[in-house]
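Below you'll find the structure, written out as C-alpha cells, and then a few comments.
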Amino acid sequence: MIRVQREAFDVGREIAELTAGNTRIGGVASFVGLVRDLGGLRSMTLEHYPGMTERQLERIDAEAHRRWPLEASLIVHRYGRLEPGDPIVLTITASAHRQAAFDSCNFLMDWLKTEAPFWKREEDRDGERWVAARTDDDEARDRWRGAG
Amino acid sequence: MKILYFAWLRDKAGISECEVSPPAGTATVGALIDWLASQDERQADVFADRSVVRFAVNQDFAEADTPVGPGDEVAFFPPVTGG
C-alpha cells in the first residue's frame, strides 16, 4: 500500500493496522525519514507531481513484493511545509522472516529516493533554495540492479 | 498537449502548466524541448542546461527520443530529491 499526504503519521498505529490479523508475519521492519537540520534550517517544503507520485510509489511497492516474500508493506510520503525533526517518509515491510523485511525496507527507501517525483526546498535565514540531487542516492539505488 | 513544470524549472518558466500546440513533426520529447526553447526567453532559460532537466510523458519517466503527440501530458523537472 502507498499513501501521499500532508499530515503527519503515527508509526505505531501504522504497523498495528498493517499487521493486524496476519499471524504469518514473523518480522516487521520500518524506516522513518526526518527533516534534518545541520545548522540554521527553518523549514523544508516538499513538492511533488500528483498522479505520477502515486504511480511511481505503487510500482516501487510492487517491485518489492516481486523480489521478496512479503506479507504486507506500506509507503507513506508527506508533502508540504515541514520543520526540523518532522517525519517525512515511512516505509514498513512485513514478512515471515526478518531478512526479507530488513532488505525490502532498505530497497524501498533506496528506490523511492531516485524514482519518486518529489523535490525539496530548504529555507534558512538567508532565504530559500532547492535541494540538489545526490549522486550517492543513485549509487544506493543501483546496487539493487541485477539483484533479484 | 499539456506541459507541466516542477521545482526550480517552474520558477524559471514562471508558470506551472500550459497548453501548447507544437507544429506537426514535433514527434519526440527532444523535438518538443527544441520547440519550447525557441518560443521565448523564459523557456529558453528553462532548457538552457538540458543535462539537469528530467521529464515524464503521461506520468512515466521518459527519454529524449520518447514519442509525444497531441493530448499527451509532458512534465519537466530537475532530478528528484524526495525520501
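Residue A:96 label point, 7 Å along Cα→Cβ, cut-off 14 Å on backbone N: hits in the range A:52-68? Within reach of a label on residue A:96, which here means backbone N under 14 Å from a point 7 Å along Cα→Cβ, the range A:52-68 contributes A:68. Computed on chain B, the Cα convex hull volume stands at 86 Å³ per residue. Using a probe of 1.4 Å on the protein chains alone, the accessible area found for residue B:2 is around 60 Å². Here the calculated FRET efficiency for residue A:65 and residue A:10, from their Cβ-Cβ distance with R0 = 30 Å, stands at 0.80, rounded to the nearest 0.05. Once all protein chains are placed together, residue A:1 keeps about 120 Å² accessible to a 1.4 angstrom probe. Kirkwood radius, the range A:25-82, all distinct C-alpha pairs, inverse of mean reciprocal distance: 14.0 Å. With kT/(6 pi eta Rh) evaluated at 25 °C and eta = 0.890 mPa s, and Rh the Kirkwood radius from Cα pairs, the protein assembly as shown diffuses with a coefficient of 129 µm²/s according to Stokes-Einstein.
Work out the length of the dipole vector of chain A about its Cα centre, built from +1 on the beta-carbon of each Lys and Arg and -1 on the beta-carbon of each Asp and Glu, and round it to the nearest 20 debye.
In total the dipole reaches around 280 debye.
Dividing the Cα radius of gyration of the range A:9-127 by its Kirkwood radius returns 1.02 for Rg/Rh.
Where in chain A are the DSSP H helices whose alpha-carbon span along the long axis reaches 15 Å or more and whose Kyte-Doolittle mean is at least -1.0?
On the way: long enough: A:52-67 (23 Å, -1.60); A:98-115 (25 Å, -0.39).
Taking the DSSP H segments of chain A (at least 15 Å long, mean hydropathy at least -1.0), we get A:98-115.
The values are calculated or read from the model by the stated rules, or taken from the named source; none is laboratory data. Since the model is a prediction, treat every value here as computed from it, not as a measurement. Don't worry about glycine lacking a Cβ; one is built from the backbone with ideal geometry, like all the others, and counts go over all protein chains shown. Ligands, DNA and RNA are stripped out before the accessible areas are found, and what is left, the full protein with its side chains, is counted by its heavy atoms. Shrake-Rupley method; radii C 1.70, N 1.55, O 1.52, S 1.80 Å.
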